[in-house]
Amino acid sequence: MRTWRLSVKVGDLVRDNHPSWMRAERIGVIVGDQGPGWQASLNRTFRVLWRDGTIGNNVWDYDLKIVKSP
């Protein structure tokens, strides 16, 4: 049985898809793969450099939507 996973990777341009950010569009670039999340072996966490210059740590793959992949 295969499970579907969002295939984001370092270098991808992404948009924050988390419900708490729906009013403000957050766009960023994945700058690091932090590996499997501490509670869910099927999901991964990433470091994201957001457009405003902040770094998001431990951003879950399911909270990201690919805008453009190199």
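We did not get these values from a lab; they are worked out from the coordinates using the rules stated. These numbers were taken from a predicted model, which means no experiment stands behind them. Note that we place each Cβ from the backbone using ideal geometry, even for glycine, and neighbour counts take in every protein chain shown.
Quick notes on this one:
- Ordering of 8-15, 43-50 by packing is 43-50, 8-15, highest average first (other Cβ atoms within 10 Å, averaged per residue).
- Full-stretch length increase - Val10, Ala24 - with 0.36 nm per residue and alpha-carbon distance subtracted: 2.7 nm
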